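Inspection log for the structure reproduced underneath, given as structure tokens.
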Amino acid sequence: MDYKDRTFLVTGAGSGLGGATASMLIEQGAYVVILDINEQAGKEKEAELGVNSRFIKTDVTSEEEVMAAIELAKTTFTGVHGVINAAGVAIVGKVLDRDGNPHSLELFTKGVTINLIGTFNVIRLAAQMMAKNDPTEGGERGIIINTASIAAYEGQIGQASYSASKSGVVGMTLPIARELARYGIRVCTIAPGIFETPMLSELSDEARESLGQIVPFPPRLGQPNEFASLAGHIIENVMLNGEVIRLDGAVRLTAK
Ligand SMILES: NC(=O)c1ccc[n+]([C@@H]2O[C@H](COP(=O)([O-])OP(=O)(O)OC[C@H]3O[C@@H](n4cnc5c(N)ncnc54)[C@H](O)[C@@H]3O)[C@@H](O)[C@H]2O)c1
């Protein structure tokens with residue numbers, strides 16, 4: 001899919017991986033609607049990206065708010081041609097804590113609701129719009145890129161909710177790609193390893209450095225622009241569809 005005159009919804013674009021992808025899309029000449037629950041971060045990103053972007057405060061789990069973002073994409077720009085689902089939260093909690101108390105069900109549900117159900121909510125509402133687009137010469141009407149995590153495959157102790165939510169994103173990639181193929185809408189998912197974003201901000205510099213050292217090559221944390229670059233390749237390469245791509249420097253997480 002070309003970028004010019006195309007509009008992309010980028011969730012979680014106020015920060016980290018979504019933010020870098022929004023910047024890449026603007027550089028390539030696309031329009032971007034920034035969907036983020038963090039108003040300050042979203043407004044700052046809009047100011048940084050300029051007139052071809054708009055921020056709208058959006059909780060990805062809300063039908064009403066996602067529909068308002070889609071409406072904004074239609075009235076301000078050129079409709080909806082692509083979606084980058086990068087909004088997410090890192091939930092940490094053991095099934096039994098050190099005193100033997102069970103994991104909060106509310107906390108478990110929060111991870112699955114935002115990371116999995118929120119992703120699906122944006123997919124279903126955006127797909128409804130993209131299915132009505134005029135097809136390109138090659139028959140394309142849209143592109144959806146989701147963000148899972150390598151924790152979908154080798155989740156660590158304390159990641160039950162996070163891993164469950166991300167493996168849900170991995171699991172739904174192929175069936176949705178198969179279904180939306182008839183409309184010319186592709187669906188891919190990126191499963192990042194450990195990336196240097198505000199999601200890791202609670203860790204000390206030392207902890208981040210040592211996390212980077214466990215990556216076989218390159219022995220460092222991933223950079224958000226490397227995620228954005230893969231998202232760009234997926235957008236451009238029409239043959240990529242229904243696939244989950246690990247972007248992790250060959251790291252495999254251990255139990256702890
Ligand atoms: N950073 C990593 O190492 C890493 C690794 C694997 C996967 N991921 C995934 O990549 C995605 C992006 O993470 P990041 O590292 O850029 O984190 P981040 O915290 O920098 O950015 C996440 C953004 O999502 C927004 N958000 C959270 N809940 C939302 C909601 N309900 N509705 C709308 N926006 C919401 C936040 O406000 C924030 O701006 C997440 O899905 C995360 O799980 C990150």
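The values are calculated or read from the model by the stated rules, or taken from the named source; none is laboratory data. Not measured: the values here are computed from a predicted model. Here Cβ is always computed from backbone atoms with ideal geometry, including for glycine, and neighbour counts include all displayed protein chains. SASA here: full protein model, heavy atoms, side chains in, ligands and nucleic acids out. Shrake-Rupley method; radii C 1.70, N 1.55, O 1.52, S 1.80 Å.
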Options GLU71, GLU140: the member that is open to solvent by less than 40 Å² (accessible area, probe 1.4 Å) and acidic (Asp, Glu): GLU140
Restricting to the range 195-205, and then to whatever is among the hydrophobic types (A, V, I, L, M, F, W, C) and either away from the ligand (no atom under 13 Å from the Cβ) or not in a strand (DSSP E or B) (or both), can you tell me which residue is least open to solvent (accessible area, probe 1.4 Å)? LEU200
Of all residues in the range 43-60, how many are surrounded by 23 or more Cβ atoms within 10 Å (Cβ to Cβ) and either more than 26 Å from ASP248 (Cβ to Cβ) or within 16 Å of the chain's Cα centre (by Cα) (or both)? 4
Residues that are in contact with a helix residue (DSSP H, G or I) (Cβ under 9 Å, 6 or more places away or on another chain), in contact (Cβ under 8 Å) with a residue 40 or more places away in the chain and within 23 Å of GLY249 (Cα to Cα), at least 2 per element: which helices (runs of 4 or more DSSP H) completely within the range 94-194 meet that? 160-180
Regarding ARG208, is this residue over 30 Å from LYS74 (Cα atoms), of a type in the set (D, E, K, R) and either in a helix (DSSP H, G or I) or more than 16 Å from the ligand (Cβ to nearest atom) (or both)? yes
May I ask you to verify whether VAL187 is surrounded by 12 or more Cβ atoms within 10 Å (Cβ to Cβ), β-branched (Val, Ile, Thr) and in contact with a Gly (Cβ under 9 Å, 6 or more places away or on another chain)? yes
Condition met for ILE214 (surrounded by 12 or more Cβ atoms within 10 Å (Cβ to Cβ), within 19 Å of the chain's Cα centre (by Cα) and of a type in the set (A, V, I, L, M)): no
Residues in the range 241-256 that are open to solvent by 30 Å² or more (accessible area, probe 1.4 Å), under 19 Å from PRO175 (Cα atoms) and in a loop (DSSP other than H, G, I, E, B): how many? 2
Any idea which of (1) open to solvent by 30 Å² or more (accessible area, probe 1.4 Å); (2) in a helix (DSSP H, G or I); (3) of a type in the set (Phe, Trp, Tyr) is the one PHE227 doesn't satisfy? (1)
